[in-house]
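All of the numbers you see were taken from the coordinates with simple rules; none came from a lab. What you are looking at is a predicted structure, and each value in this text was computed from that prediction instead of being measured. Heads up, the Cβs are rebuilt from the backbone with ideal geometry, glycines too, and the neighbour counts pull from every protein chain shown.
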């Protein structure tokens, strides 16, 4: 896998090198023009932020529901009891 110190980690996933990145930048400049690039970047940034916020929201919802289910079934107490027993047996 090719890596470059200035390529973002997302681009490393797709194995985009410096030459390909330069070609993409030239294509974007020719296709959209220099005046529209900041607007496009802002739109992409807002979209990525919305996706990140949505995924964090879903993740916290799942964790909240898992804690609820764990408390209702008593699994959480059982796990804590087992953990405490293991810690007592490990430490003299």
If I take the Cα coordinates of region 22-92 and project them onto the principal axes, what are the three extents in Å, biggest first? 68, 31, 14
Once you place label points 7 Å from the Cα toward the Cβ at residue 15 and residue 52, how far apart are they in nm? 2.8 nm
For residue 69 and residue 32, what is the calculated FRET efficiency with R₀ set at 41 Å and r taken between the beta-carbons, to the nearest 0.05? 0.25
